[in-house]
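As C-alpha cells, the structure follows; a few thoughts come after it.
The values are calculated or read from the model by the stated rules, or taken from the named source; none is laboratory data. No experiment lies behind these values; they were computed from the predicted model shown. Surface areas here come from the heavy atoms of the whole protein model, side chains and all, with no ligands, DNA or RNA. Shrake-Rupley method; radii C 1.70, N 1.55, O 1.52, S 1.80 Å.
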Amino acid sequence: MSEIVKYFHGGAPGLKIGDLIRPAISLGITKVRTPNQPRYTPRRVYITRLRWYAELFANGSRGDVYEVRPVGRALPDLDAKGSFTCPCAEVVAVLARHPVPMPQEAAALFPMEGSR
C-alpha cells in the first residue's frame, strides 16, 4: 500500500477549502524577507511535507496553516529539505488559524523575538 503524501503551507490568513494559493508576484509582492531561503522566488508557491515548518512560516506572517495539493509540477526547494515549490496550491484543509503556537521543533532552531 502506498503512503499518502501530505503537503502543508503556512501563510495568508483566512483562506477556505478550494481556494488557490498563488505566488507572491501575482499579488504584487516582489520582495519578501527570507534569510533562510536565499534562492526564494516570488514566482512560486512554497509547500512542505513538515507541518511544523508550515507552522513556523504561518507564525512569522501572522497567517494560517493549511493542508494543500500542489497544482502543477512540484519541484524540490533547494533551501529546505522536505519542501517544494509549485506554480500554485489548492487548500484541501484548514489546520490552524492564527495565532499558531511556535512548534517545538522550530523553537530550538529559530528563536523568535517577542510579539510584534
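For this structure, a couple of remarks:
- Ranked order, Ile29, Ile4 - accessible area, probe 1.4 Å, largest first: Ile4, Ile29
- Within the full protein context, the accessible area of Tyr7 is estimated at about 40 Å² for a probe radius of 1.4 Å.
- Accessible heavy-atom area order of Arg39, Arg62, highest first, probe of 1.4 Å: Arg39, Arg62
- When Lys81, Lys16 are compared by accessible surface with a 1.4 Å probe, the order from highest to lowest is Lys81, Lys16.
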